[in-house]
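One structure is given below, encoded as structure tokens.
Values in this text are rule-based calculations from the coordinates and carry no lab data. In this text the structure is predicted, and so the values were computed from the model without any measurement. Here the Cβ positions follow ideal geometry from the backbone for every residue, glycine too, while neighbour counts run over all protein chains shown.
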Amino acid sequence: MYSIAGYQEMVDDLVRMNAYAAALRQAVRPGSVVVDIGAGTGILSLLACRFGAARVYALEPDDCINVARENAESNGLADKIEWIQDLSTNVRLPEKADVVVSDLRGVLPLFGKHIPAIIHARRNLLAESGRLIPERDVLWMALVELRDQGSEGESKTGPWDPAQFGLQLEAGHKYIANSPRKARARPEQLLTAPASCGALDYRTIESASFAGQVSVPVTRDGGATGVVVWFDAHLQGDVGFSNAPDQPRLIYGSMYFPLSEVVEVSAGDQATLHLRATPTDTDYIWQWDTGIRSRGALKPKADLHQSSFFAGPISTARLRKRADRFVPTLNRQGLIDSQILEGLRQGKPLGDIARGLAAEYPQKFATWEAALAHVGDLAERYSE
């Protein structure tokens with residue numbers, strides 16, 4: 001979830017906001033029913049009303065929805081908006097929407113539950129002839145040379161490389177090399193021309209997985225340090241925006257996939273870049289393969305295979321606990337949480353559950369208030 005300061009940054013991005021406003025103005029008709037998924041502080045819902053919507057269903061699971069309600073009151077639009085504090089995938093509405101608008105992306109559209117939420121909305125919330133905003137996003141990629149730009153964090157790998165304080169700390173480098181991160185590349189840092197590696201058409205998409213590949217010539221000599229990926233948004237018709245390196249900086253940025261080693265390249269070399277994104281319960285596992293070959297050479301300059309699965313150390317004990325034949329025994333925290341959930345299932349007041357925990361686990365909860373805080377966390381997460 002974003003903080004209010006995070007939403008402020010999104011609203012402050014005028015390129016993004018002007019594009020979304022233009023798309024809504026184009027899609028909304030007098031009397032339209034609009035669904036705003038991830039409404040945040042409500043600006044898109046308010047704009048939809050201003051452009052003629054008769055009814056807006058604003059869906060937002062976070063408490064920032066209370067700020068959105070205040071904004072609606074301040075603008076005299078509260079009677080046109082129904083605020084629903086829940087995930088869109090849990091919502092059933094009394095009518096289908098003429099327009100569904102959302103922006104659940106992260107740095108890239110392959111983020112969290114962005115695509116599953118749109119698929120669900122298209123199937124369950126949108127009228128047959130309704131419009132989606134955005135309609136599609138197009139992904140672009142390029143080989144790039146980003147060297148030690150520590151102020152923005154794009155390619156800096158220290159303190160792992162080189163060593164600092166006379167210590168060898170390179171053990172962390174292999175994890176950093178498998179860690180995609182937000183980046184900002186300048187046009188002159190690209191080693192290949194931008195190439196589209198695929199499109200996400202939300203009007204027809206059925207899977208949150210993605211795979212794309214490009215094969216492009218290297219355009220200048222340099223040291224390849226990674227691959228940078230960004231997206232162009234097509235919101236409605238010809239309305240959209242781009243996160244390309246030669247465009248104004250937007251809130252999204254672009255994603256930098258580092259290479260495990262610097263590869264010296266020359267103009268005329270051929271680069272083959274393959275990107276895959278596999279959804280998990282919470283986000284994505286990324287895989288990126290990089291092949292670079294000189295013209296006519298039998299042996300490639302680089303044949304690298306990397307994955308965010310290896311972005312951090314994984315102990316054998318953790319892997320063992322995920323095996324299909326593993327039979328677990330609950331630890332103390334598991335026993336405490338199961339006791340809380342059982343109390344919730346039985347309909348006990350939170351205070352009664354907390355007093356029982358404080359008495360049974362005095363080393364864990366020094367006070368009844370500490371136990372109540374933990375009980376409240378689980379109640380907030382799992383109760384209706």
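Data overview
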| item | result |
| --- | --- |
| Ranked list, fewest to most other Cβ atoms within 10 Å of each Cβ, for Thr278, Thr192 | Thr278, Thr192 |
| Interchain or long-range residues, amide H under 5 Å from Ile285's placed H | Thr278, Thr280 |
| Peptides ranked, highest mean first, by Cβ atoms within 10 Å: ranges 165-176, 298-309 | 298-309, 165-176 |
| Burial ranking of peptide ranges 74-80, 319-325 (average Cβ count within 10 Å, highest at the top) | 74-80, 319-325 |
| Of all DSSP beta bridges in the chain, antiparallel share, percent nearest 5 | 75 percent |
| Residue among Thr204, Thr367, Thr282 with the largest mean-square fluctuation in a Gaussian network model of the chain, springs linking Cα atoms under 10 Å | Thr367 |
| Long-range HN-HN contacts of Ala142 with modeled amide H, under 5 Å | Val228 |
| Per residue convex hull volume, Cα atoms of region 136-314, in Å³ | 145 Å³ |
| Descending semi-axes in whole angstrom, ellipsoid equivalent of region 4-103, from the Cα gyration tensor | 18, 17, 13 |
| Amide H partners (placed H, <5 Å) of Leu126, local residues excluded | Ala97 |
| Helix-only [θ]222 nm of the chain, DSSP H runs n ≥ 4, -39500 (n - 2.57) each, per residue, nearest 500 | -7500 deg cm²/dmol |
| Charge dipole (debye, nearest 20) of the chain; +1 at Cβ of Lys and Arg, -1 at Cβ of Asp and Glu | 800 debye |
| Dipole-positive endmost among Ser338, Gly376, Leu350 within region 308-383 (Cβ charges, Cα centre) | Ser338 |
| Sites matching chymotrypsin sites (Phe, Trp or Tyr not before Pro) across region 321-384 that sit in DSSP coil, with at most 14 neighbouring C-beta atoms within 10 Å | Phe326 |
| Whole-angstrom Cα spans of region 316-361 along principal axes, big to small | 39, 20, 11 |
| Dipole in debye (nearest 20) - region 182-312, about Cα centre, beta carbon charges: Lys, Arg +1; Asp, Glu -1 | 260 debye |
| GluC sites (Glu not before Pro) within region 89-138: DSSP coil, no more than 16 neighbouring Cβ in 10 Å | Glu95 |
| Signed unit charges on C-beta, dipole axis of region 136-314, positive-most listed residue Gly268, Gly240, Leu139 | Gly268 |
| Angstrom value of the Kirkwood radius, inverse mean 1/r, which spans all Cα pairs in region 332-382 | 10.5 Å |
| Most positive-pole-ward Cα, Leu108, Leu44, Thr290, against dipole of the chain from beta carbon charges | Thr290 |
| 25 °C / 0.890 mPa s Stokes-Einstein diffusion coefficient of the chain, Kirkwood radius on C-alpha pairs, µm²/s | 102 µm²/s |
| Point-charge dipole on Cβ atoms (K/R +1, D/E -1) for region 264-363, about Cα centre, debye to 20 | 280 debye |
| Efficiency of FRET between Glu360 and Ala5 - r from beta-carbon atoms, R0 35 angstrom, step 0.05 | 0.30 |
